[in-house]
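What follows is a short report on a single structure.
All of the numbers you see were taken from the coordinates with simple rules; none came from a lab. Predicted, not measured: the structure shown is a model, and the values here were computed from it. Cβ atoms come from the backbone with ideal geometry, glycine included; neighbour counts cover every protein chain shown.
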């Protein structure tokens, strides 16, 4: 078995949080026939693996310079979100006074 497959499996397990999302999936599959639910879940998992592996291939194909730019952009986005959360927390604190 390839190490990248195990890495992708572990990454999906962490990102998708299967235990936390179980009620959401159950609610979304309420209208699907009980015998077909596992087929739908398996199909969606295979699509997620495909997207993950295609994304990894795309990142490798784009090279290091593009990834550096993407990392910087994501850092800016996360910083902007952190500042927004901080300001909302300060605003709620001031309102409570």
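Mean residue ellipticity at 222 nm from the helices of the chain, using -39,500 (n - 2.57) per DSSP H segment of n ≥ 4 over the full residue count, to the nearest 500 deg cm²/dmol?
Taken over the chain, the calculation gives -30000 deg cm²/dmol.
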- Item | Inter-site label distance for residue 44 and residue 62 at 7 Å from Cα along Cβ, in nm | 2.7
- Once you sort the root eigenvalues of the Cα gyration tensor of segment 47-97 as a ≥ b ≥ c, which label holds: rounded (a/c under 1.5), prolate (a/b larger than b/c) or oblate (the other case)? oblate
- Once you put a point 7 Å from the Cα of residue 29 and another 7 Å from the Cα of residue 79, both along the Cβ direction, what distance in nm separates them? 4.3
- Task: Provide the FRET efficiency to the nearest 0.05 for the residue 14-residue 92 pair, computing r from the beta carbons and using R0 = 22 Å.
- Result: 0.15
- Note on the structure: Computed over the Cα atoms of the chain, the Rg and Dmax in Å are 19.7, 59
